[in-house]
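Encoded as structure tokens, the structure appears first; notes follow it.
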Amino acid sequence: MAPKAPKAQSRGARSSTSQLQELSSGRARSSTAYQASGITGNGKKLRSRVLKTVDQPPKKIAVVRRECVLCASKRMEKNFKRPEDIDICAHFHNTCKSCVEMLLKGRIADRRLQDGNLACPFPDCRFVLSFPAVKEIVSHSLLRSWGAALVEHHLRSSDNFIACLNSECGHHFSIEGCGKEHPRSRKNIACPYCDFELCIECHRPWHGKTGCARNKTEEDKMSEVAVKLMGAKPCPKCGAYIQKEGGCNHITCTKCWVEFCWSCLMVWRNGIEEHSEGCGNRLVPRGPAYQAMLNRISGAGRFELANAS
């Protein structure tokens, strides 16, 4: 028996099948592939059916944002970095990376470099972020700046290191084994970086046969003249010279952290203004009303201030 010849496919069916194959390519391939197998018939209905499937917009993924407890900005989760395997307080947990870096930059600018850590900015929290934890949060460039500032601070505060006084050098180097504790050692020492000579006993440029006390007196006189020309004033507590560049007359010394008035150099007590007689920043005469205000602020009996007429 002769095999049956395959039936000829109609022109309309071939046309619709080719249209389906073209439409099922590209972005519609995955969503309409099931329609491309064995579906023939009216080409218009098939084309309409495919186009409806392709034109569906993609579903939007909801972006989760959190509010920073310091700047109150709503940021994405990736901006809240937490160190791995290190427990932190809830405040740092909800503080964004930008604010943590801002706190660290503030410590560098204010020279608060006694410890290599970062305390929680909330006064009722005593948590301290350790150096390894800070390392995992802030950027590498800021971490290098902080590390350099910490090293410089500890070199300055150490008795075994001295800074070269050459304005073009400034490197620290060790003077261990030298100084007054070792009578046989020399009084002068040369910087190993630039050969600038210094006096180990008074930490000033080498003054030859002139004694340290006499040389200090002469240099202090010259320094006072130069400082006055710069407009700087000494701190009323530690004596460090401070140069004011704009702002109000409420000054805080960055060395001893005392607060005082720039005009009269009167020290403030617990943030309460104190001014000497004739100071232009002085408040109204200190009668009973002023004393009562101080008592309400600081607690009765904490201060005994003389009333001025």
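Among the residues of the stretch 242-254, none qualifies, meaning not one is among the basic types (Lys, Arg), within 22 Å of SER167 (Cα to Cα) and either outside the structural domain of ALA109 (by TED's automatic domain parsing) or under 34 Å from the mean Cα position of the chain (by Cα) (or both).
Scoring LYS81 on the criteria (1) closer than 18 Å to ALA133 by Cβ; (2) modelled with pLDDT under 80 leaves a single failure, condition (2). PHE122 falls short on exactly one of the conditions (1) modelled with pLDDT of 85 or more; (2) of a type in the set (Phe, Trp, Tyr); (3) farther than 30 Å from LYS255 by Cβ, and that condition is (3). Give the stretch 105-151 a look and list any residue that's part of a loop (DSSP other than H, G, I, E, B), crowded, with 16+ Cβ neighbours inside 10 Å and in contact with a Pro (Cβ under 9 Å, 6 or more places away or on another chain), or say none. ILE137 - this is the single residue of the stretch 105-151 that is part of a loop (DSSP other than H, G, I, E, B), crowded, with 16+ Cβ neighbours inside 10 Å and in contact with a Pro (Cβ under 9 Å, 6 or more places away or on another chain).
Looking at the structure I just gave you, is LEU129 out of contact with any His (no Cβ under 7 Å at 6 or more places or on another chain), touching a residue at least 40 places away in the same chain (Cβ under 8 Å) and more than 22 Å from CYS253 (Cα to Cα)?
yes
Check whether at least one residue in the stretch 152-172 is touching a helix residue (DSSP H, G or I) at 6+ places or on another chain (Cβ under 6 Å), in contact (Cβ under 8 Å) with a residue 40 or more places away in the chain and surrounded by 13 or more Cβ atoms within 10 Å (Cβ to Cβ), and report yes or no.
Of the stretch 152-172, the ones touching a helix residue (DSSP H, G or I) at 6+ places or on another chain (Cβ under 6 Å) are 161, 172.
Among the residues that remain, those that are also in contact (Cβ under 8 Å) with a residue 40 or more places away in the chain are: none.
Checking the stretch 152-172: not a single residue is touching a helix residue (DSSP H, G or I) at 6+ places or on another chain (Cβ under 6 Å), in contact (Cβ under 8 Å) with a residue 40 or more places away in the chain and surrounded by 13 or more Cβ atoms within 10 Å (Cβ to Cβ).
Looking only at the stretch 266-279, decide whether some residue is in contact with a Phe, Trp or Tyr (Cβ under 6 Å, 6 or more places away or on another chain), in a strand (DSSP E or B) and free of Cβ contacts under 8 Å to residues at least 40 places away in the same chain. Yes, the stretch 266-279 has at least one match.
Within the stretch 75-92, does at least one residue satisfy the condition of being under 13 Å from GLU136 (Cα atoms), among the β-branched types (Val, Ile, Thr) and either touching a helix residue (DSSP H, G or I) at 6+ places or on another chain (Cβ under 8 Å) or in the same structural domain as PHE127 (by TED's automatic domain parsing) (or both)? Among the residues of the stretch 75-92, at least one is under 13 Å from GLU136 (Cα atoms), among the β-branched types (Val, Ile, Thr) and either touching a helix residue (DSSP H, G or I) at 6+ places or on another chain (Cβ under 8 Å) or in the same structural domain as PHE127 (by TED's automatic domain parsing) (or both), which makes the answer yes.
The values are calculated or read from the model by the stated rules, or taken from the named source; none is laboratory data. Everything numeric in this text was worked out from a predicted model, so none of it was measured. Neighbour counts run over all protein chains shown; Cβ positions are idealised from the backbone, glycine included.
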